[in-house]
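The values are calculated or read from the model by the stated rules, or taken from the named source; none is laboratory data. These numbers come from a predicted model, not from an experiment. When we count neighbours, we look across all protein chains shown, and the Cβ atoms used for this are built from the backbone with ideal geometry, even at glycine.
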Amino acid sequence: MSEARPRLADRLNRSLPALDEIERNIYRTIAFAFPLLTMVIITGAVWAQYVWQKWWSWDPKETASLVTWLIYAAYLHGRRQRSWRGGQSAGFAVAGMAAVLFTYAGVNLLQSLHSYGLSTPSATGRILGGFEDVSSVEAALTTGMFLSLLVGFLCALVGVIYGGERPRRAALWIAIVALAANTTVLALRVADAGRLTFTSGYDFSLWFVWGITLSALVLARGRQVFALLAGLPLAMLVAMYGYLYFPHKGHVPLPPSLQNKLWLHVHVSLAIFAYGALALAAGWGVIYWVKQAAVRRAERAAARPEE
């Protein structure tokens with residue numbers, strides 16, 4: 001066991017990008033997403049003024065969104081003015097994503113005008129999961145999407161730990177299959193609802209997963225396997241949350257507050273791309289910690305006298 005760990009640390013140390021490169025990926029991804037996140041808050045305020053005649057009401061989701069924005073603003077300011085690098089970047093990326101997840105899911109546990117909650121009960125009394133009011137084709141595609149995310153992540157992990165182009169290339173193509181399945185599911189739901197499906201918790205989980213997977217495939221450029229390693233675990237977590245927490249997956253009529261489709265579409269579209277990129281930044285943060293631990297283990301091993 002003691003010999004296996006150094007070997008694994010050596011493999012990770014050799015396979016993963018350098019710490020400086022990982023840190024730059026964190027910064028670039030957050031720098032890309034931060035203006036989008038800013039526009040999410042601005043368009044949300046404009047939308048609130050239109051619907052409720054209030055720019056800001058300190059609703060839990062609004063407050064959580066502001067806290068999230070402040071975390072990333074503090075990071076960008078500190079990196080520029082105080083030269084925050086390395087572990088600080090990783091910490092802010094992960095903390096910021098925790099705030100994003102609370103903004104998305106945590107407010108469902110609070111009294112909020114924005115809470116998705118479980119306002120539409122399951123007709124069969126089901127509490128968790130299931131594909132109620134969903135066609136068998138959509139259910140199969142959604143299941144295939146989740147399995148593709150899982151297999152793609154495992155292939156990326158094998159490619160990083162053991163090397164070789166085959167698992168890395170397989171991870172890339174399987175992630176593309178997952179994105180295609182996700183896109184098809186979204187298209188089916190849009191066609192069935194007759195509108196963009198931005199309003200229910202289950203639908204937004206599908207869009208969130210789409211944003212994460214797309215970010216991992218596009219923003220990574222030439223280092224796809226590492227971006228997949230960063231993004232796919234969180235995509236699986238969000239997909240499973242949407243599946244389990246929202247047992248009713250059918251479409252319901254829009255409430256009056258959601259019937260201004262212009263601001264709804266702009267606001268939620270920005271959130272999808274911002275959250276997807278920030279999820280990737282958090283994944284890079286975790287990879288930074290893994291690489292850092294591998295480097296330290298390798299340094300300690302090198303410093304020990306040979307027996």
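Some observations on this one:
- Whichever residue in the range 65-108 is basic (Lys, Arg) and not in a helix (DSSP H, G or I) and, among such residues, is surrounded by the fewest Cβ atoms within 10 Å (Cβ to Cβ): ARG82
- Contact map, the range 1-23: residues that are farther than 19 Å from ALA282 by Cβ and surrounded by fewer than 15 Cβ atoms within 10 Å (Cβ to Cβ) paired with residues that are modelled with pLDDT of 75 or more and small (Gly, Ala, Ser), Cβ distance under 7 Å, separation 6+ or inter-chain. Pairs shown: ASP10/ALA298.
- Filtered residues of the range 35-75 (kept if closer than 23 Å to GLY91 by Cα, in contact (Cβ under 8 Å) with a residue 60 or more places away in the chain and not aliphatic (A, V, I, L, M)): TYR72
- Selection status of GLN49, part of a helix (DSSP H, G or I) and at pLDDT below 90: yes
- In the set (1) of a type in the set (Gly, Ala, Ser); (2) at pLDDT 85 or above; (3) part of a loop (DSSP other than H, G, I, E, B), the condition left unmet by GLY250 is number (2).
- Only one of ARG195, ARG166, ARG189 that is touching a Cys at 6+ places or on another chain (Cβ under 9 Å) and on the phi < 0 side of the Ramachandran plot: ARG166
- Flag for THR43 being under 16 Å from VAL266 (Cβ atoms), of a type outside the set (Asp, Glu) and assigned to a helix (DSSP H, G or I): yes
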